[in-house]
Protein chains: 4
Amino acid sequence: MINGAKILSASIRWAMVGGGQGSQIGYIHRSAALRDGLFQLVAGAFDIDPARGRDFGASLGLDPERCYPDYATLFAAEAVRPDGIQAVSVATPNGTHYAICKAALEAGLHVVCEKPLCFTTQQAEELRALAARQGRIVGVTYGYAGHQLIEQAREMIAAGELGEIRIVQMQFAHGFHSEAVEAANPATKWRVDPRMAGPSYVLGDVGTHPLYLSEVMLPQLRIRRLLCTRQSFVRSRAPLEDNAFTLMEYDNGAVGQVWSSAVNAGSMHGQKIRVIGSRASLEWWDERPNQLSFEVQGQPARILERGMGYLHPAALADDRIGAGHPEGLFEAWSNLYRRYALAMDAADRGQPAPERYPDIDAGVEGVRWVEHCVRSADAGAVWVDYV
Amino acid sequence: MINGAKILSASIRWAMVGGGQGSQIGYIHRSAALRDGLFQLVAGAFDIDPARGRDFGASLGLDPERCYPDYATLFAAEAVRPDGIQAVSVATPNGTHYAICKAALEAGLHVVCEKPLCFTTQQAEELRALAARQGRIVGVTYGYAGHQLIEQAREMIAAGELGEIRIVQMQFAHGFHSEAVEAANPATKWRVDPRMAGPSYVLGDVGTHPLYLSEVMLPQLRIRRLLCTRQSFVRSRAPLEDNAFTLMEYDNGAVGQVWSSAVNAGSMHGQKIRVIGSRASLEWWDERPNQLSFEVQGQPARILERGMGYLHPAALADDRIGAGHPEGLFEAWSNLYRRYALAMDAADRGQPAPERYPDIDAGVEGVRWVEHCVRSADAGAVWVDYV
Amino acid sequence: MINGAKILSASIRWAMVGGGQGSQIGYIHRSAALRDGLFQLVAGAFDIDPARGRDFGASLGLDPERCYPDYATLFAAEAVRPDGIQAVSVATPNGTHYAICKAALEAGLHVVCEKPLCFTTQQAEELRALAARQGRIVGVTYGYAGHQLIEQAREMIAAGELGEIRIVQMQFAHGFHSEAVEAANPATKWRVDPRMAGPSYVLGDVGTHPLYLSEVMLPQLRIRRLLCTRQSFVRSRAPLEDNAFTLMEYDNGAVGQVWSSAVNAGSMHGQKIRVIGSRASLEWWDERPNQLSFEVQGQPARILERGMGYLHPAALADDRIGAGHPEGLFEAWSNLYRRYALAMDAADRGQPAPERYPDIDAGVEGVRWVEHCVRSADAGAVWVDYV
Amino acid sequence: MINGAKILSASIRWAMVGGGQGSQIGYIHRSAALRDGLFQLVAGAFDIDPARGRDFGASLGLDPERCYPDYATLFAAEAVRPDGIQAVSVATPNGTHYAICKAALEAGLHVVCEKPLCFTTQQAEELRALAARQGRIVGVTYGYAGHQLIEQAREMIAAGELGEIRIVQMQFAHGFHSEAVEAANPATKWRVDPRMAGPSYVLGDVGTHPLYLSEVMLPQLRIRRLLCTRQSFVRSRAPLEDNAFTLMEYDNGAVGQVWSSAVNAGSMHGQKIRVIGSRASLEWWDERPNQLSFEVQGQPARILERGMGYLHPAALADDRIGAGHPEGLFEAWSNLYRRYALAMDAADRGQPAPERYPDIDAGVEGVRWVEHCVRSADAGAVWVDYV
Ligand SMILES: NC(=O)c1ccc[n+]([C@@H]2O[C@H](COP(=O)([O-])OP(=O)(O)OC[C@H]3O[C@@H](n4cnc5c(N)ncnc54)[C@H](O)[C@@H]3O)[C@@H](O)[C@H]2O)c1
Ligand SMILES: NC(=O)c1ccc[n+]([C@@H]2O[C@H](COP(=O)([O-])OP(=O)(O)OC[C@H]3O[C@@H](n4cnc5c(N)ncnc54)[C@H](O)[C@@H]3O)[C@@H](O)[C@H]2O)c1
Ligand SMILES: NC(=O)c1ccc[n+]([C@@H]2O[C@H](COP(=O)([O-])OP(=O)(O)OC[C@H]3O[C@@H](n4cnc5c(N)ncnc54)[C@H](O)[C@@H]3O)[C@@H](O)[C@H]2O)c1
Ligand SMILES: NC(=O)c1ccc[n+]([C@@H]2O[C@H](COP(=O)([O-])OP(=O)(O)OC[C@H]3O[C@@H](n4cnc5c(N)ncnc54)[C@H](O)[C@@H]3O)[C@@H](O)[C@H]2O)c1
């Protein structure tokens, strides 16, 4: 049970690139990183607009001198300070991730990067190699993976409670972009612009989330081939899709499916994963993250609840408040940042990370998967081998 | 509101083929047909085993003389009675439907046939032509279509409340055959034997149900091409599948999907349909048939309830008990049999059916869809044009 | 599994008093009684308006001669026919039940009577004595008790799966009469008129339903004292209440509560019962009658489903369609009418009823409970001993 | 939308009394107070065991010198430091609250105190007078009131969307203490010991939570009289109750009910509030805090979602992550601590609090309500006037 005790001898000196005033995802990075003294925010290049970024940094209580106009200046200036930053989180639009991560790693920093990590598998592999060379860690914020019941699912599957895995049903299908809201909303606008969003919109933006959950829950499964069909229902978004279906065949004979959508009108998140085995199924929904449905064929369905004593120890380690009380997405991210901090601290001492976290491999996989989906879709929704 | 008043001047004299002792679906046919005096059960060939069929007919209160050893004898013997049957329901394993329907139509009978109507589109077209020639109606028991909220969905979509239709998500995915239960269960055994089941198992057995719901709700949509991948997770079922995914493209640019499964371990029915438009979505689940979720993007989701005054008149016509009280599958089937009776009565007077019902066209479509799915799957899960 | 086989050598000749054109509850009586040939409807006095009653009887296919102007004529005329009725169902407003039941029993008929059976415990005891003298059965239509999972709850509690019983939470709280809808609706009007409704509105109209469920599930519990507070939120309904809370103490130290309401705005039925023991709880909701929640402290909650093999045989006996398919209120009533028929048939042979059913004792108990509630409420919501 | 920007010119110097190693509620105080730099934790007397308290404070990163053996020393020592604490949170067992709060106020500190504030209304009034004299604020941690949809409910009710209020249904009924778990668990042990728990167990421990929600949602309602019956199902807990029902009559003719329980076997929190008006109802459940059910009689029920643009501005002010993402109890508490900080800051400048928060009045009301419930229960569950 987490109670706020410091887990590191000293907070990691940390900066953010992006995540400025009005950004969607900046605050949850800060809230998670700063919790329990894991990190201390000492610098940043928060905004594409330097002045706005400086004002914002000041509003967070930063020394205005350490609110830099851009990431290059940030990395350079901090590198020469004795109390310079040790880690940076990148929460900018997709199109900038590759360059920023690269620069950060080259500056010897640990990195937490938003998904998608970059645009091509080649870039991703490059970053992986660079991180390895530098001995720095790269965390990727597949935030939902921090929910405790994801650990429970992983452990139950590993213990064989589902039998042989047959089907993996995944979806992240919200409706918030059913209309061309990007006209009025900058945070949506870049998402449908290939230069900033990359080769896909919803595949990378939402589809990779449940995909990563499946990787956590089902570490043995390997995709053999996949097929993807994608649509731009709001026509101005073409060539980027606002809806996609991906079918997958795994090497053990199992099949899977991912529905990625931003035009599922009226739906909130709609992120779900159902893993079906020969004996039982598990289902998890990110809008009810404190519950996990366990359905053994021929028995009453069971609703597992976060924090209960019957869970696997791995699913209880991150409990902060006990069963019955709902934890939310902020706790999930806090759990990830806790693992990032531990991994960074271990890396600094030349040791392996003590706990699994969404790392550079997770980042590479997400990029690879999107790349294959796009290749399939653009070839007319045909099967492509997964390499 | 239905109150039991007779809607026909006389009950239709009716027989069953199949649906005998221990059969899964025989009773709901009888319960629905006999309700409110629509039909009277006067004869039958209930069982593959003549003696058991005769005993069973007797247990239902039939004259043992009119409990025939087989359908051929039934049709022949009844044809020469002045009080002979006018209609027959066919509730035998799939492999017999074509021959029995053909014989029934040739005997001048109205027919209610179980789905799938037959094995090939060619057979189905033949039956359609025959029925037309004979001036007899053929009802097909896509029973879920009798639920009142299906009408509500149809009317709301027709009125444009969803905007332009974009996505149709369908599934009928239960878990009852996660293991090879057919070893011990004759009613499952024939379902996985191509000679009796036809070219598919779950596609025809369950997938065609939500497909028909989509036809009712979305009469304008036409499939342009589809792709299907199917699996036999219980290996002894091959070549018949116990799981299948079908992707569809419609001619208006919309896309659809059907998940058909008998190995969705732990799930009860799992039959759902979600229709997504540019403005809103509708979702219906056959295990909660008295509710319909209406989700307008940007507004709170609304739960519509059967029997409420705010529904479209077409969704209230079949109310039997008022809102709040759950109606179940028996009412849905009763509603269909009511429409079959009206259609038969009208046909006898040379008139068109007063109300829509799952008719021979519905039967043909189901067969055609399965045929295309199988063709796609057997060619390696490739796209096939829908013709 | 019920399949329509006749369970009696001959259908019971049956009539209805009340339940005419436009009545709320008439049709479900007919639908349940006529199912599977248990009863045949041969006569009736369906309406307070003789002409309308005759027309309605004719619309049901009855011989107009046997559609009588009133119950007295019905009983007298049928008594002298060789094929006269053997049983009658009473579905008239409350104020007439006592007189009609009395007359029916005196005419030697079996009776199915709507709840509340009558207005006072004294009347109810009188009817009980009369029924005993006549050797006739009286069924009372606590219809929800026919749902299969009620049997499951009873069996699980009897087997000690809940531990020692501590708390019984009951409610039937709908919102349909949040406003003075009675102004425009005759079926509501009499419900708030003490001459026709009796000493209470919602206590008798809805509160007795979950109360009877508790009697079925918890046959050992005896109320020791109770306290009731009632309100007439629509003022014109006074002295009759449209909302009431009843607290109860049982003789084993357990406590219970019933919330009865017609002004729970926006709620559909809202009929629920939760039985809480020292080890576990069971919860059932009449709008989801095919599910039963079983919650063992310290274990994941389990959702039991109608029709599944893990249920007690008593909970499977009335299955008509198998698990996954929703059965509704019509099946619950059919199950009761099946037991009424069996009890009548047994009584005719001088034998005890083969199966439990809501009988005259249930009817007496409901009246007694309402009487105590009203006495408590009218004395200022004080505790009254239950005698 | 909250993004982490500092709302005070400087963090408030803050200490905790109680909330030490292994305590249930200490961490959420810290997590909420420290978020976004509102408070800085600089001192504490965390534990009844001084050594353990000091170690724990050190583990939180405190200067060991400022980890005091008890609250008296804490207040005295900090008072003489130039950088001494400005505020203290009290998270000790109930029996100590009165003395600690009194001492804190006398030391000129702002206080955040756990509920129940103290044991008697007289003590509570004393603290209120003292706080007023000292010009210090007292916040009471009715934490659920920090959920955003509580504000939405308040605004909708104020705007008349429910019509005239009739019924308030409340419950907080969990099952975690169905057995005598206190034998093995110190945090439960004191809860059933009158010296430490006060005159009640579940009434004060859980029942006051939904009661306070009703005060927020329905600021005009005044209780006129109430009646309470309480039970000690685990007998060793007597005279303290582990289950209680409270009936209430309000001065406008409305009625209310609170079910407080720790023996609702198998239930998680079970905290719900349903407010019923003449036109519509609102229902909120603390295990699904991001949803609010709005049910207008005669219309489909609507599910309002946290963070959506259709909400009242007051219900959006505390949004941290946008709609669809679940916020949990930690955000609710953070929202309260934000308001406490604002109120403290305003008080320091001699100004009124800019936003409503659960204050000393809320604390007094909770104590008064428990006192009345106990008085009623101990007199035999009779009505007592609410004074
Ligand atoms: N993990 C998740 O669940 C999740 C959720 C939402 C967004 N994201 C990802 O987070 C990233 C940011 O998304 P968002 O929704 O917050 O975007 P946003 O448009 O709301 O905010 C982007 C922020 O980055 C700043 N910025 C842009 N370019 C910059 C540059 N070159 N240097 C410094 N700052 C720059 C902008 O000024 C803004 O403050 C994206 O990659 C997105 O995919 C992840
Ligand atoms: N509409 C639906 O929702 C639904 C549901 C279940 C089954 N079905 C369909 O109903 C049909 C029957 O399915 P079931 O599950 O009841 O099968 P079943 O095996 O349980 O019963 C089949 C019955 O037909 C009898 N029969 C077999 N061959 C016969 C013959 N040649 N002549 C006379 N009787 C014969 C058998 O003796 C048995 O009584 C199938 O086509 C199936 O696809 C439809
Ligand atoms: N068991 C249940 O769940 C349930 C549900 C609804 C109603 N009820 C009970 O059923 C009874 C009828 O209720 P309803 O809602 O159908 O009422 P209703 O007003 O809708 O119908 C009453 C019917 O009785 C007829 N009638 C009235 N007086 C008569 C008389 N003296 N002789 C013959 N016919 C007469 C009326 O013409 C009408 O057809 C009531 O006692 C009610 O409490 C029970
Ligand atoms: N607001 C809520 O939702 C909520 C939830 C749980 C508990 N509470 C309240 O919080 C308070 C604490 O409850 P808990 O469950 O955390 O109790 P707990 O027994 O788990 O922890 C109590 C802590 O206080 C310390 N302590 C005891 N006496 C002390 C003293 N004299 N000086 C300093 N420290 C002392 C203990 O060592 C321990 O660390 C109670 O009043 C309880 O009612 C409120």
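The table below lists the values:
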item: Neighbour-count ranking [beta-carbon atoms within 10 angstrom, fewest first] of B:Met217, A:Met1; result: A:Met1, B:Met217
item: Free-standing Cys, chain C [no other Cys Cβ under 4.7 Å]; result: C:Cys67, C:Cys101, C:Cys113, C:Cys118
item: Prolate/oblate/rounded call for segment C:238-377, Cα gyration tensor, a/c under 1.5 rounded; result: oblate
item: Inter-chain shielding of A:376-383 (mean C-beta neighbours from other protein chains, 10 Å cut-off); result: 2
item: Least to most buried among B:Cys101, A:Cys67 (fewest other Cβ within 10 Å first); result: A:Cys67, B:Cys101
item: Dimensionless Rg ratio for segment D:268-334, taking C-alpha atoms and the 2.2 N^0.38 Å reference; result: 1.18
item: Prolate/oblate/rounded call for the protein assembly as shown, Cα gyration tensor, a/c under 1.5 rounded; result: oblate
item: Equivalent ellipsoid dimensions for segment B:138-235 as semi-axes, Å, which come from the Cα gyration tensor, largest first; result: 31, 15, 12
item: Segment C:1-66 and segment B:36-73: distance between their alpha carbon centers, rounded to Å; result: 26
item: Fraction of antiparallel bridges per DSSP, segment D:143-262 only, in percent to nearest 5; result: 70
item: If the convex hull is drawn through the Cα atoms of segment C:142-182, its volume per residue in Å³; result: 105
item: Exercise: per-residue mean of other protein chain Cβ atoms within 10 Å, A:26-34; result: 4
item: Volume per residue of the C-alpha convex hull in chain B, rounded to whole Å³; result: 139
item: Relative exposure of C:Glu161, C:Glu114, judged by other C-beta atoms within 10 Å (fewest first); result: C:Glu161, C:Glu114
item: Under DSSP loop assignment and at most 16 Cβ neighbours within 10 Å, longest trypsin sites (Lys or Arg not before Pro)-free interval of chain D; result: D:7-221
item: Among C:Glu155, C:Glu355, C:Glu126, residue whose mean-square fluctuation peaks in a GNM of chain C (springs only between Cα atoms under 10 Å); result: C:Glu355
item: Computed over chain A: relative contact order in percent, which uses C-alpha pairs under 8 Å that are six or more apart; result: 20
item: Prolate/oblate/rounded call for segment A:1-149, Cα gyration tensor, a/c under 1.5 rounded; result: rounded
item: Entries in B:Lys6/C:Lys272; A:Lys6/A:Lys115; B:Lys189/C:Lys6; B:Lys272/C:Lys272; D:Lys102/D:Lys272; B:Lys115/C:Lys6 that, when Cα-Cα distance is taken, lie over 31 Å; result: B:Lys6/C:Lys272; D:Lys102/D:Lys272
item: Binned Cα-Cα distances of segment D:316-387, short to long, each 10 Å bin given as a whole percent; result: 17, 28, 24, 22, 10, 0
item: Where the Cα pairs of segment C:184-317 fall when distances are cut into 5 Å bins, in %; result: 2, 9, 15, 19, 17, 15, 11, 7, 4, 2, 0
item: Most mobile of C:Asn264, C:Asn252, C:Asn335 in a GNM of chain C (Cα contacts under 10 Å); result: C:Asn252
item: Rounded to 5, percent antiparallel among DSSP beta bridges of chain B; result: 60
item: Percent of beta bridges antiparallel (DSSP, the protein assembly as shown, rounded to nearest 5); result: 60
item: Partner chain coverage, peptide B:317-324 - average Cβ within 10 angstrom; result: 5
item: Structure-based [θ]222 nm, chain B - -39500 (n - 2.57) summed over DSSP H runs of at least 4, per residue, nearest 500; result: -9500 deg cm²/dmol
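Throughout, read-outs are computed from the coordinates displayed, never taken from laboratory work. Computed from a predicted structure; not experimentally measured. FYI the Cβ positions are ideal-geometry reconstructions off the backbone, even for glycines, and counts take in every protein chain you see.
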